[in-house]
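A.B. asks: Can you read through this structure? Questions will come right after.
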Amino acid sequence: MAKPSSNKLAAKEREKLVTDSRKKQVAPDPLSAENLRKMGLRIGIPVLLGWAFAIWVGGWILPAIMGVITLALIGITIWAVRYAQRSRAVVNILQNADTPEGRKEALEKLNSNFKKDDTAAIFARAQLEMQEDPRKALATLEQINLVKVMAPVADEARAQRAMIHLILGETDEAKELVDKIDLGRHSEVKSRATLTAIVGEAFARSGEAKRAVDLLEKFDLSDAAFEDLKPQLLRAKAFAYAWANNTKQMRKVLQDLKAMNVQYLMGFVTRKKHPGGVSPRGVHPMLEKEAYDMVMKSGMVQRRVEMRR
């Protein structure tokens, strides 16, 4: 039986990645009472202790320093709250963008309701555009000035651009971007895991498989915190183990993906090959063979043929 079209598989892969990204956006509410309480404790307690120490020591130097620090923190807090409000507004727009008409309407709202340099809106536009034209999404993300935005935002932009390059089979471009991502400055667990999945896949597919394995094995996928990120992390692990020649672990990861949804294996199946047996998207020959065999044995392709008939 002939393999499914690589173009159709790439389109399905893009759609799945975009859907996963949107799901991650709607989960947390940055302005929830719990998040506001945590932010208040992280900022308020150190400031109070600093003022108590300044008053206890006396004089005017320490109170003056604390005054400057307090004003700076107030400014940062106001910026953070406004950014969170804009992000929540963007998420609300994306929630109804599940159809071509919905995506068109969402793009119109993003273009009219937000400034052109609003990073939250840029990320959202790129997510919507990626389903139709990944090159256009890439151009949109390139509008973010990586020098001017805050470092964590710059890392997110690099990661999203790298993900598109990986989908397009441009591993060198992806590797160049992820090399500049500092995972150490991302303390939020899910955000760090998402970035690690992209960084790990880029490393694995560009000749640094051991480095990818070391990064990805730090995450315990049995932890409920990673439940919605397991497909991405397992996908990256499959690439990492394949290029590290760890066939046993690679097969186990593919079995885990198959158990979740056999559709996840389709992203490893291609048609055209470069000389030497490496596919245009950097899929290891053994990885593709194992994934293809599992898909065929699952009967998924046969069921589709029967449904069409």
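The values are calculated or read from the model by the stated rules, or taken from the named source; none is laboratory data. Just so it is clear, the model here is predicted, and its values are computed rather than measured. All Cβ positions, glycine included, derive from the backbone under ideal geometry; neighbour counts span all protein chains shown. The accessibility values were calculated without ligands, DNA or RNA, using every heavy atom of the protein model including side chains. Shrake-Rupley method; radii C 1.70, N 1.55, O 1.52, S 1.80 Å.
A.B. asks: What do you reckon, is residue 199 over 29 Å from residue 83 (Cβ atoms), in a helix (DSSP H, G or I) and at pLDDT 95 or above?
C.D. replies: no
A.B. asks: Something else now. Residue by residue through segment 215-227, note down the ones that are surrounded by 15 or more Cβ atoms within 10 Å (Cβ to Cβ) and of a type outside the set (A, V, I, L, M).
C.D. replies: Of everything in segment 215-227, those that are surrounded by 15 or more Cβ atoms within 10 Å (Cβ to Cβ) and of a type outside the set (A, V, I, L, M) turn out to be 219, 226.
A.B. asks: Could you list, ordered by first residue, the pairs with Cβ atoms under 7 Å in which the first is in segment 197-210 and closer than 20 Å to residue 227 by Cβ and the second is charged (D, E, K, R), at least 6 apart or interchain?
C.D. replies: Once the first residue is closer than 20 Å to residue 227 by Cβ and sits in segment 197-210, its partners that are charged (D, E, K, R) give 201/235.
A.B. asks: Filter segment 241-273 for residues that are out of contact with any Pro (no Cβ under 9 Å at 6 or more places or on another chain) and hydroxyl-bearing (Ser, Thr, Tyr); which is farthest from residue 289 (Cα to Cα)?
C.D. replies: My answer is 241.
A.B. asks: Among the residues that make up segment 167-183, is at least one of them within 24 Å of residue 82 (Cα to Cα) and surrounded by fewer than 22 Cβ atoms within 10 Å (Cβ to Cβ)?
C.D. replies: no
A.B. asks: Of all the residues that make up segment 155-174, how many are among the basic types (Lys, Arg) and either out of contact with any Asp or Glu (no Cβ under 8 Å at 6 or more places or on another chain) or not in a helix (DSSP H, G or I) (or both)?
C.D. replies: Residues in segment 155-174 being among the basic types (Lys, Arg) and either out of contact with any Asp or Glu (no Cβ under 8 Å at 6 or more places or on another chain) or not in a helix (DSSP H, G or I) (or both): 1 in total.
A.B. asks: Select from segment 211-244 the residues that are of a type in the set (D, E, K, R) and either assigned to a helix (DSSP H, G or I) or touching a residue at least 40 places away in the same chain (Cβ under 8 Å) (or both) and list them in ascending order.
C.D. replies: Within segment 211-244, 211, 214, 227, 228, 230, 235, 237 meet the criteria.
A.B. asks: Let me ask something else about it. Modelled with pLDDT of 75 or more and over 26 Å from residue 143 (Cα atoms) - does that describe any residue in segment 74-94?
C.D. replies: Checked segment 74-94: at least one residue is modelled with pLDDT of 75 or more and over 26 Å from residue 143 (Cα atoms).
A.B. asks: Keeping to segment 139-175, report how many residues are touching a residue at least 24 places away in the same chain (Cβ under 8 Å) and charged (D, E, K, R).
C.D. replies: Selection size over segment 139-175: 4.
A.B. asks: Determine which single condition residue 31 fails, assuming it passes every other condition in (1) at pLDDT below 75; (2) part of a helix (DSSP H, G or I); (3) open to solvent by less than 40 Å² (accessible area, probe 1.4 Å); (4) not polar (S, T, N, Q).
C.D. replies: Unmet condition: (2).
A.B. asks: Show the residue pairs that are 6+ apart or on different chains and have beta-carbon atoms under 7 Å apart, the first residue being within segment 90-115 and closer than 12 Å to residue 129 by Cα, the second being in a loop (DSSP other than H, G, I, E, B) and open to solvent by less than 30 Å² (accessible area, probe 1.4 Å).
C.D. replies: 103/97; 106/97
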